[in-house]
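A short worksheet on the structure shown next.
The values are calculated or read from the model by the stated rules, or taken from the named source; none is laboratory data. Not measured: the values here are computed from a predicted model. Note: ideal-geometry Cβ built from the backbone for every residue, glycine included; neighbour counts use all protein chains shown.
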Amino acid sequence: MPLKVVVTGASSGLGMALARHYLERGASVAAFARRGALLQALAAEFPDQVSCYALDVRDAPAVQDAASDFIRRVGCPDVVIANAGVSVGTLTEYAEDLEAFRQVMDTNVLGMVQTFQPFLAAMRAARQGTLVGIASVAGFRGLPGVGAYAASKAAAISYLESLRVELHGSGVKVVTICPGYIKTPMTAVNPYPMPFLLEADEAAQRMVRAIERQTAFTVIPWQMGLAGRVLKLLPRWLYDRLLAKAPHKPRKPS
């Protein structure tokens, strides 16, 4: 039986690479994203394999309707990947950035919850399946200029751990993946060096291997895992001094 896979943020970048990887292996994929035209192009490339759902993961009723439709037509998914995410430079001192904070948190944290929720009952009943949350090494410590993004990914890591413990023994696995830098439109605007930068296709392949192993927590690439551990061990006074003058991601125009 071909795998049944759900991928959010599937219209570009890492989400598109993940969807393509599974499609090339014959899977039936539910592709969630805001840009419906790009999803339709993917569906045209893989006839009869793609179910397109043009939606925003912040819209819980829309996600629930899509999940119900996919389960009814295709069946309970084997893998649900909550990949949709946004990143933008934010600074607390600017009132106009409050909306950016809200959008980042709503998409990266609540969007993940709202992606998993409508599939979970069916997966529990089947006593199988894997829920995959794409977090980030940015969630390991607070980073200057991207407070919203770093906070959202830290929250995602904690949420996924809570969910993994809640589902222990249910047959449903939870996999947390923390990528480093991946070459996507989201990182293209970063005005600073990005060590160990991976192409989206290579990152997707590594992630799929981690999902197949049902690794509870993984950092991709592994070098960023080492870097992340070093950062976590730095005393606060040294961390503050080292990061205080780091370049910032551009803020969203007001």
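Considering region 110-122 alone, what residues qualify as being of a type in the set (A, V, I, L, M) and either surrounded by fewer than 21 Cβ atoms within 10 Å (Cβ to Cβ) or not in a helix (DSSP H, G or I) (or both)?
Listed by number, the residues that qualify are L110, V113, L120, A121, A122.
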Could you tell me how many of the residues in region 81-100 are among the β-branched types (V, I, T) and surrounded by fewer than 12 Cβ atoms within 10 Å (Cβ to Cβ)?
1
Which residue, of Y149, Y239, Y159, Y181, is within 30 Å of C76 (Cβ to Cβ) and among the aromatic types (F, W, Y)?
Y159
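Rundown of residues vs (1) over 20 Å from G228 (Cα atoms); (2) touching a residue at least 24 places away in the same chain (Cβ under 8 Å); (3) under 16 Å from the mean Cα position of the chain (by Cα), yes/no style:
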position: P144; (1), (2), (3): no, yes, no
position: A151; (1), (2), (3): no, yes, yes
position: L163; (1), (2), (3): yes, yes, yes
position: H168; (1), (2), (3): yes, no, no
position: V172; (1), (2), (3): yes, yes, no
position: I177; (1), (2), (3): no, yes, yes
position: G180; (1), (2), (3): no, yes, yes
position: K183; (1), (2), (3): no, no, yes
Find the residue count for region 72-109, including only residues that are farther than 21 Å from R124 by Cα and part of a helix (DSSP H, G or I).
15
Using beta carbons and a limit of 8 Å, which pairs, at least six apart or on different chains, have the first residue in region 109-133 and more than 16 Å from R72 (Cβ to Cβ) and the second one among the β-branched types (V, I, T) and modelled with pLDDT under 95?
none
So, first residue among the aromatic types (F, W, Y) in region 224-248, second residue outside any helix (DSSP H, G or I), Cβ within less than 8 Å, six or more apart or across chains; the pairs are Y239/R141
Among the numbered conditions (1) in contact with a strand residue (DSSP E or B) (Cβ under 9 Å, 6 or more places away or on another chain); (2) loosely packed, with under 14 Cβ neighbours inside 10 Å; (3) β-branched (V, I, T), tell me where V230 comes up short.
(1)
Any residue in region 6-21 that is in contact (Cβ under 8 Å) with a residue 12 or more places away in the chain and within 17 Å of D56 (Cα to Cα) sitting within a Cβ distance under 8 Å of a residue that is of a type in the set (D, E, K, R) and surrounded by fewer than 24 Cβ atoms within 10 Å (Cβ to Cβ)? List the pairs, counting only those 6 or more apart or interchain.
S11/R34; S11/R35; S12/R35
Restricting attention to region 157-199, and to residues there that are of a type in the set (A, V, I, L, M) and touching a Gly at 6+ places or on another chain (Cβ under 6 Å), which single residue is surrounded by the most Cβ atoms within 10 Å (Cβ to Cβ)?
L160
Limited to region 22-53, what total is found for residues that are assigned to a strand (DSSP E or B), over 19 Å from Q114 (Cα atoms) and without any contact (Cβ under 8 Å) to a residue 40 or more places away in the chain?
1
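Given D56, D65, which one is in a loop (DSSP other than H, G, I, E, B) and among the acidic types (D, E)?
D56 is the lone residue from the list that is in a loop (DSSP other than H, G, I, E, B) and among the acidic types (D, E).
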Go through region 210-254 and report how many residues are under 22 Å from the mean Cα position of the chain (by Cα) and of a type in the set (S, T, Y).
2
